[in-house]
Amino acid sequence: MEKIGLFTLNGNSNYGNRLQNYAVQTFLSDQGYEVDTIMYHPKEILYKKNLYEKIKIHLLQKDIIGPIWRRGYGFLFRGRIRNQQRMMGHRVKNFEDFSAKYINETNFILDQSILSDVNLQDKINNGYKSFFIGSDQVWNLNGSDFPEFYFLPFVDSKKRNSFAASFGVETIDHQYIEKYKQGIAGLNAISVREMSGKKIVKELTCRECDVLLDPVFLLSVKSWRQLETRPNLSMNHSERYILTYFLGHMARKYRKILYKFAKEQELKIISLNDFTSEEYYSVSPNDFLSLIDSASFVLTDSFHGVAFSIIFQRPFMVVDRIDKFKSMSTRISSILEAFGLSDRFNKLSPREINTTDWMNIEVKGLQKVIENNAIKANSFVKKSLS
């Protein structure tokens with residue numbers, strides 16, 4: 001069986017990341033390939049940088065106040081910090097168990113030395129028939145360095161392919177345009193996850209590329225439900241609930257929407273990814289699937305929160321993500337447009353929301369969209385490997 005190397009964002013804390021990794025691996029395995037998710041951790045990490053570099057990074061990420069606060073006043077909240085660290089440790093353990101069981105990760109970890117180590121490059125290059133980059137936001141700067149690694153300059157250019165890769169943004173900052181041009185030009189076959197990504201590729205290199213849905217749509221509802229586990233929690237499993245899943249800050253206006261829904265629809269509130277909701281913070285990716293599948297309503301700012309709400313056909317509302325990074329709403333707008341659900345991106349004030357209307361959802365042509373995407377994905381893989 002020929003081997004394919006998969007490069008994506010590694011980590012054990014984000015549900016969408018783990019589940020899209022599983023989906024790409026499963027899809028390529030079903031094509032008859034042995035798939036390795038190649039582990040990568042950058043060598044250059046913050047604590048190795050000098051003071052000037054640290055300040056520059058924090059300014060770019062707009063979080064300069066955070067480090068000052070933690071150093072000056074963190075001791076006042078040591079108990080809370082230790083509790084959050086304990087919760088995070090439990091969550092990471094659940095994610096590591098999921099990865100160990102379902103994702104074929106390499107027992108070696110690459111770092112940035114691969115960019116200059118010729119012997120290591122030969123070893124990686126000769127070990128695989130070809131490589132895919134993605135999915136997820138592998139090409140998003142997020143205020144840090146240019147992601148050179150995720151354009152695979154260290155392997156044969158004929159083996160460099162992107163699979164529904166995402167820039168996460170609509171435009172590239174001027175100072176990085178030449179680097180992105182070079183990275184994209186060196187790829188063999190390109191597919192991206194959003195129309196905005198297709199536009200970026202076209203504008204920078206005059207190349208056409210395929211637009212594919214996120215890989216989680218390549219697996220059937222039945223396949224995802226086979227992964228589900230019932231959370232071992234104190235919840236009443238027959239109770240109706242609204243599920244929140246926020247990656248950014250839940251602003252006051254979003255909380256008003258949440259409480260309005262809960263009160264008018266008589267729903268319990270279950271919050272994921274929230275340190276104040278300890279019981280649910282550490283649930284596994286399997287539990288995450290189950291909690292979305294059984295929710296009466298989903299309120300989220302997450303791309304994959306939207307994706308799995310569509311897959312399980314759960315009523316949902318998506319709102320703008322509020323954090324220190326650039327707006328990444330383009331990727332959510334793209335998926336909503338594909339399924340004719342653009343009206344699910346809320347731009348209303350809480351007073352203008354009729355919760356009864358939002359509780360009803362019809363995903364028009366869901367299966368047809370998914371089938372067409374699977375055909376495109378199969379064709380793209382064949383083209384990439386031919």
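From the list Y128, Y150, which one is hydroxyl-bearing (S, T, Y) and either touching a helix residue (DSSP H, G or I) at 6+ places or on another chain (Cβ under 7 Å) or more than 20 Å from H304 (Cβ to Cβ) (or both)? After applying the criteria, what remains is Y128. Which one is nearest to the chain's Cα centre (by Cα) among residues in the stretch 269-300 that are of a type in the set (V, I, T), within 21 Å of A251 (Cβ to Cβ) and open to solvent by less than 10 Å² (accessible area, probe 1.4 Å)? Checking each candidate, the answer is T300. Residue check: is L243 closer than 30 Å to E266 by Cα, part of a strand (DSSP E or B) and touching a helix residue (DSSP H, G or I) at 6+ places or on another chain (Cβ under 7 Å)? Criteria met by L243. Just the residues that are out of contact with any Lys or Arg (no Cβ under 9 Å at 6 or more places or on another chain), assigned to a loop (DSSP other than H, G, I, E, B) and open to solvent by 50 Å² or more (accessible area, probe 1.4 Å), please, taken from the stretch 217-240. Those that are out of contact with any Lys or Arg (no Cβ under 9 Å at 6 or more places or on another chain), assigned to a loop (DSSP other than H, G, I, E, B) and open to solvent by 50 Å² or more (accessible area, probe 1.4 Å): S220, T229, R230, N232, S234, S238.
When the test is whether a residue is open to solvent by 80 Å² or more (accessible area, probe 1.4 Å), assigned to a helix (DSSP H, G or I) and among the basic types (K, R), R351 passes it. Scanning the stretch 247-268 for residues that are surrounded by 14 or more Cβ atoms within 10 Å (Cβ to Cβ), modelled with pLDDT of 95 or more and outside any helix (DSSP H, G or I) turns up just one, L267. How many of the residues making up the stretch 94-132 are in a helix (DSSP H, G or I), open to solvent by 60 Å² or more (accessible area, probe 1.4 Å) and touching a residue at least 12 places away in the same chain (Cβ under 8 Å)? Of the residues in that region, 3 qualify. Just one of the numbered conditions (1) under 24 Å from K383 (Cβ atoms); (2) of a type in the set (S, T, Y); (3) surrounded by 15 or more Cβ atoms within 10 Å (Cβ to Cβ) is not true of S157: (3).
Scanning the stretch 283-323 for residues that are within 20 Å of D357 (Cα to Cα), touching a residue at least 60 places away in the same chain (Cβ under 8 Å) and among the hydroxyl-bearing types (S, T, Y) yields a count of 1.
The values are calculated or read from the model by the stated rules, or taken from the named source; none is laboratory data. Note that the structure is predicted; figures quoted are calculated from it, not measured. Every residue, glycine as well, gets a Cβ built from its backbone with ideal geometry; the counts of neighbours run over all protein chains shown. Just the protein is used for accessible areas: all its heavy atoms, side chains included, with ligands, DNA and RNA removed. Shrake-Rupley method; radii C 1.70, N 1.55, O 1.52, S 1.80 Å.
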